[in-house]
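The structure under discussion is supplied below as structure tokens; questions concerning it will follow.
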Amino acid sequence: MAIVTTTEMFKKAYEGGYAIGAFNVNNMEIIQGITEAAKEENAPLILQVSKGARKYAKHNYLIKLVEAAILETDLPIALHLDHGADFEICKSCIDGGFSSVMIDGSHLPFEENIALTKKVVEYAHAHGCVVEGELGQLAGVEDDVNVENHSYTDPAQVEEFVEKTNVDSLAIAIGTSHGAYKFKPGQKPMLRFDILDEVSKRLPGFPIVLHGASSVIPEFVEKVNKYGGAMPDAIGIPEDMLRQAAKSSVCKINIDSDLRLAMTAAVREHLANNPSDFDPRQYLTPARDAIRDMVKRKIVNVLGCNGKA
Ligand SMILES: [Zn+2]
């Protein structure tokens, strides 16, 4: 099997009331942990790469690692560019073997976002690739994306945006955010399901995407801190809220921080308990297992895509 687009995945997910996990990848152990989980749960999968990941691991390494994962698992796997900032990076990924790109024009005025997204869609569709656009802005920090204030998606804009751009999926802002610090201590996590419902009503059958959807599970933050970390209070989106979203028009849920936390906690625990170890395989094995276990947890608790490959 080759790298697939998300078209078929999203159609089945929309009809089946579940979502596909889009997990950020940076190296071999992360790709292996994620794909091992998807194989064990027989789940379709999106592996996504940010600009920062592409800079860190290099385009060709990532492509070949994902191709290797497909050879090993025979699963339907899409390779997606997360937060493409301009036409050039999207074109480079499309030309270089990605099956899906995001063009993030969410910071631009509405008409400029439409023009940029349309340009990427025209190039992508001519080359067998699909495109995710974004309306509304998530707060938080993720690699090169740094936004101070959250601005919710305006449902009144979604039909015109999708119609004029011909985009394949749409990321919206309903209260998720990038990074581990989504809510302040004492603040109650909440998502604007009213906005999601209104968007879904205006775009029947159309796949919606949620970014920044980690739950920042306390036991993992505690573990990072127990073994010498110093993370202040981190609060994420409860898994049951995301599960509710996955049952609706939300077909793609992006999860990164929870994997980072699980991996870092495992490395810290191993090195704290085995201070004389200096063989990277000794600490990267529990790190890879931690990624696998976290992704399995997400597939079952949040996404509901187990058995859907
Ligand atoms: Zn994002």
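The values are calculated or read from the model by the stated rules, or taken from the named source; none is laboratory data. Every value quoted in this text rests on a predicted model; they were computed, and no experiment measured them. Cβ: placed from backbone, ideal geometry, glycine included. Neighbour counts: every protein chain shown. Just so you know, the surface numbers come from the protein's heavy atoms only, side chains and all, with ligands and any DNA or RNA stripped out. Shrake-Rupley method; radii C 1.70, N 1.55, O 1.52, S 1.80 Å.
Within region 20-33, is there a residue that is over 17 Å from G304 (Cα atoms), touching a residue at least 60 places away in the same chain (Cβ under 8 Å), assigned to a helix (DSSP H, G or I) and of a type in the set (G, A, S)?
Initially, region 20-33 is screened for residues over 17 Å from G304 (Cα atoms), giving 24-33.
The next check asks that each one be touching a residue at least 60 places away in the same chain (Cβ under 8 Å); those that pass are 24, 29-30, 32-33.
Checking the rest, the ones that are also assigned to a helix (DSSP H, G or I) come to 29-30, 32-33.
The next check asks that each one be of a type in the set (G, A, S); those that pass are 33.
Checked against the condition, which is being over 17 Å from G304 (Cα atoms), touching a residue at least 60 places away in the same chain (Cβ under 8 Å), assigned to a helix (DSSP H, G or I) and of a type in the set (G, A, S), region 20-33 yields at least one hit.
Still on this model: Of the numbered conditions (1) in contact with a helix residue (DSSP H, G or I) (Cβ under 7 Å, 6 or more places away or on another chain); (2) open to solvent by 20 Å² or more (accessible area, probe 1.4 Å); (3) hydrophobic (A, V, I, L, M, F, W, C), L191 satisfies every one except a single condition; which is it?
Just one mismatch for L191, condition (2).
Inspect all residues belonging to region 58-71 and state whether any of them is touching a residue at least 60 places away in the same chain (Cβ under 8 Å) and either touching a helix residue (DSSP H, G or I) at 6+ places or on another chain (Cβ under 9 Å) or part of a loop (DSSP other than H, G, I, E, B) (or both).
Of region 58-71, the ones touching a residue at least 60 places away in the same chain (Cβ under 8 Å) are 66-67, 70.
If we keep only those that are either touching a helix residue (DSSP H, G or I) at 6+ places or on another chain (Cβ under 9 Å) or part of a loop (DSSP other than H, G, I, E, B) (or both) too, we end up with 66, 70.
Yes, there is a match, as at least one residue in region 58-71 is touching a residue at least 60 places away in the same chain (Cβ under 8 Å) and either touching a helix residue (DSSP H, G or I) at 6+ places or on another chain (Cβ under 9 Å) or part of a loop (DSSP other than H, G, I, E, B) (or both).
With respect to A43, determine if the residue is closer than 29 Å to G205 by Cα and surrounded by 24 or more Cβ atoms within 10 Å (Cβ to Cβ). Even if it seems obvious, please write down each step before you answer.
Working: closer than 29 Å to G205 by Cα: yes; surrounded by 24 or more Cβ atoms within 10 Å (Cβ to Cβ): yes.
Taking the combined requirement at face value, the residue satisfies it.
Go through (1) away from the ligand (no atom under 16 Å from the Cβ); (2) within 19 Å of F161 (Cα to Cα); (3) not β-branched (V, I, T) one by one and return the number of the condition A85 breaks.
Failing condition for A85: (1).
Considering (1) open to solvent by less than 40 Å² (accessible area, probe 1.4 Å); (2) more than 16 Å from the ligand (Cβ to nearest atom); (3) over 13 Å from A287 (Cβ atoms); (4) not aliphatic (A, V, I, L, M), say which one H270 fails and leave the rest.
Here H270 clears every test but (3).
Next question, about the same structure. Can you tell me which residues in region 200-211 are part of a loop (DSSP other than H, G, I, E, B) and either open to solvent by less than 10 Å² (accessible area, probe 1.4 Å) or without any contact (Cβ under 8 Å) to a residue 24 or more places away in the chain (or both)?
P204, H211
From the set of residues in region 107-127 that are free of Cβ contacts under 8 Å to residues at least 40 places away in the same chain and assigned to a loop (DSSP other than H, G, I, E, B), which is most open to solvent (accessible area, probe 1.4 Å)?
H127
Read through the list (1) in contact with a helix residue (DSSP H, G or I) (Cβ under 8 Å, 6 or more places away or on another chain); (2) within 23 Å of N146 (Cβ to Cβ), then give the number of the only condition that A171 fails.
Unmet condition: (1).
What are the residues in region 73-96 that are touching a Ser or Thr at 6+ places or on another chain (Cβ under 8 Å) and free of Cβ contacts under 8 Å to residues at least 40 places away in the same chain, if any?
Here is the first cut: in region 73-96, the ones touching a Ser or Thr at 6+ places or on another chain (Cβ under 8 Å) are 73, 75, 77-83.
Correct list: T73, L81.
Can you tell me which residues in region 128-138 are surrounded by 24 or more Cβ atoms within 10 Å (Cβ to Cβ) and small (G, A, S)?
The answer is G133, and nothing else.
Does N113 satisfy being more than 20 Å from the chain's Cα centre (by Cα) and within 16 Å of the ligand (Cβ to nearest atom)? I'd like the intermediate steps shown before the answer.
Values: more than 20 Å from the chain's Cα centre (by Cα): yes; within 16 Å of the ligand (Cβ to nearest atom): yes.
Against the criterion (more than 20 Å from the chain's Cα centre (by Cα) and within 16 Å of the ligand (Cβ to nearest atom)), N113 qualifies.
Look at I63 and say whether it is in contact with a Gly (Cβ under 9 Å, 6 or more places away or on another chain), open to solvent by less than 20 Å² (accessible area, probe 1.4 Å) and over 18 Å from V302 (Cβ atoms).
Taking the combined requirement at face value, the residue satisfies it.
Mind checking which residues of region 176-195 are more than 16 Å from the ligand (Cβ to nearest atom) and on the phi > 0 side of the Ramachandran plot? Show your work before the answer.
At the first step, the residues of region 176-195 found to be more than 16 Å from the ligand (Cβ to nearest atom) are 183-190, 192-195.
If the condition is that a residue be more than 16 Å from the ligand (Cβ to nearest atom) and on the phi > 0 side of the Ramachandran plot, then G186 is the only one that fits.
From the list L203, L210, L261, which one is under 25 Å from A22 (Cα atoms) and within 16 Å of the ligand (Cβ to nearest atom)? It would help to see each step written out before you state the result.
Working: L203 fails: within 16 Å of the ligand (Cβ to nearest atom); L261 fails: within 16 Å of the ligand (Cβ to nearest atom).
Only one candidate qualifies: L210.
So, one more: What about K51, is it open to solvent by 40 Å² or more (accessible area, probe 1.4 Å) and within 15 Å of the ligand (Cβ to nearest atom)? Step through it out loud before you land on a result.
Working: open to solvent by 40 Å² or more (accessible area, probe 1.4 Å): yes; within 15 Å of the ligand (Cβ to nearest atom): yes.
In short, yes.
Let me ask something else about it. What do you reckon, is V141 among the β-branched types (V, I, T) and open to solvent by 20 Å² or more (accessible area, probe 1.4 Å)? Let's see the steps before the verdict.
Numbers: among the β-branched types (V, I, T): yes; open to solvent by 20 Å² or more (accessible area, probe 1.4 Å): yes.
Yes.
While we're here: When you go through (1) within 20 Å of V209 (Cα to Cα); (2) of a type in the set (A, V, I, L, M, F, W, C); (3) open to solvent by 70 Å² or more (accessible area, probe 1.4 Å) one by one for M1, which number turns out not to apply?
All conditions pass for M1, except number (1).
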